[in-house]
1. Report the extension gain between Arg249 and Ser16 in nm, rounded to one decimal, defined as 0.36 nm multiplied by the number of residues separating them, less their alpha carbon distance.
2. Within the chain, what percent of beta bridges assigned by DSSP are antiparallel, to the nearest 5?
3. At 1.4 Å probe size, with the rest of the protein present, what percent of the exposed accessible area of the chain is carbon and sulfur atoms?
4. Using the basic label-point model (7 angstrom from Cα toward the beta carbon), what is the Arg30 to Asp319 distance in nanometres?
5. Taking 22 Å as R0, compute the FRET efficiency from the Cβ-Cβ separation of His200 and Met180 and round it to 0.05.
6. Please check the chain for the longest run free of GluC sites (Glu not before Pro) that are loop-located per DSSP (anything but H, G, I, E, B) and have at most 15 other Cβ atoms within 10 Å.
7. Label 7 Å along Cα→Cβ of Glu117; region 72-111 residues with amide nitrogen under 13 Å?
8. Per DSSP H run of at least 4 residues, take -39500 (n - 2.57); add these up for the chain, divide by its residues and hand me the 222 nm value, nearest 500 deg cm²/dmol.
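The values are calculated or read from the model by the stated rules, or taken from the named source; none is laboratory data. In this text, all values refer to a predicted model and were calculated from it rather than measured experimentally. A quick note on method: Cβ atoms are made from the backbone with ideal geometry, for glycine too, and the neighbour counts reach across all protein chains shown. Surface accessibility is based on the protein's heavy atoms, side chains included, excluding ligands, DNA and RNA. Shrake-Rupley method; radii C 1.70, N 1.55, O 1.52, S 1.80 Å.
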Amino acid sequence: MNYARRPGIDSAALRSLVTRENESFLATHRESARLAAGSAAHWLNGVPMHWMRDWNTPHPLFVKRARGVEVEDADGNRYVDFCFGDTGAMFGHSPPAIARALAENGADGITAMLPAERAARVGEKLANLFGLPFWQMTQTATDANRAALRWARAISGRPRILCFDGCYHGTVDETLVRAMPELGDKGGTRPRAGLIGVSHDVSAATDAVPFNDVAALERVLARSRTAAVIAEPVMTNIGMVLPEEGFLRRLRELTRKHGTLLIIDETHTLSTQRGGYSRAADLQPDIWVCGKAIAGGMPCAVFGFTAEVESGMRRVQRDRGGGHSGMGTTLSGNALALACLEASLDELMTPSNYQAMQEAASYLSEGLGRLFAAQSLPWHVGRVGARLEFGFGKPPRNGAESEREAWPELEHAIHLYLLNRGVLLTPFHNMMLCSPLTTSAHADRLLKSLADCLREIGSAS
Ligand SMILES: Cc1ncc(COP(=O)(O)O)c(C=O)c1O
């Protein structure tokens, strides 16, 4: 661990806090330790999915159940959750509407390779809420983004895509890139560090420019080789980077001007308000993608598109002369996911749920701001609806700035400290979500524990 000094934090105090909190975790998670030992025999890294070890605990924490805002672990410790499965459970864990949809529909056929009766109705509900006439379903947001990019290339006949430096759109090969500022603002990319087992240069057909940089964006689009720009309206995967005034409007104007499709990935910014960020800001994307929480945590994602894109898709299908499309996955659009999607549209994405989420997030955001000011820390809080993030400096303009501000050792220490006091944050950076069931009392619990932590590791300089 790198405990190098930075303003406001005493690195020696930070180091000893981590040692003590690790010991405390071990003492209070003995059943998880036993389960971890058993799991290590059969699971890679001792967990069903290798990134479950990204939680910086001495051994994995095993969950007994999660309901509403609360997670209970195998030792009976209870946590107020602000991670919500990194957004999948943003509307609360196992919402009654989803539990009911699973119970009622699970017995009537889970997957039949045919559309379920409710498909027409759900399509209409998607169109009404998100404002795009045509839809497709996949299992994950990764799959939806991958399909959206393929369609965009096929429709436009252009080879390249553009993303924003520091983005994350799932494990879609061609978005796993970083910009190469050493090339100036030509948009060139290299593969992200650490990729495992890729067989080709994933950066070969991808340009990347800094978020909020209209000039760099236009220079790449002006080459008329870009099939699509794929973007989150607010970057949420490299800390949180908010769009500057007018940036998204220019993004829409420039993509239209240069014949490039705009894919807006709202897998995280569904937190913004009912209908997502695109509806709130009237972004008018050509393709709109969302996964994770869209069906209340049931594996499901959707992408919606305009009538022009749909007619382009039909043209491509007509002209391709048969064969495998290279898009799909067998369980996409299965009946159970469709039932949960409908339950989510009807009962989770309601005005009152969004209002409750907003209120809790606003309360938490203000509390964090007060806390950092009281401790004289030059930190900031970003918020997009129910989603918040604090960072260790001033609000970043782009991914590279946000990355420079990151401080993984401090993040891990804070997360561990909070976890030991019954508060869960996502293991990546400092993201917090407020569900419809999150109250000011839950937020106060986070704020109090964080204040205690900062008092212990804070320094005068
Ligand atoms: C903006 C965004 N898009 C897509 C994804 C991919 O989601 P999934 O891993 O469920 O495929 C993520 C995952 O974090 C994401 O943050």
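1. On the way: separation 233, 0.36 × 233 = 83.88 nm, distance 4.82 nm.
Contour length minus the Cα-Cα distance gives 79.1 nm.
2. Values: 31 of 47 bridges.
Counting only bridges with both partners in the chain, antiparallel ones make up about 65 percent.
3. Working: 10680 of 19990 Å².
The C+S portion of the solvent-accessible surface of the chain is 53 percent.
4. 6.9
5. Details: r = 18 Å, r/R0 = 0.81.
The value I calculate is 0.80.
6. Working: sites that count: Glu117, Glu244, Glu245.
Segment 246-461 is the longest.
7. 105, 108-109
8. Values: 14 runs with 176 residues, N = 461.
Calculated mean residue ellipticity at 222 nm is -12000 deg cm²/dmol.
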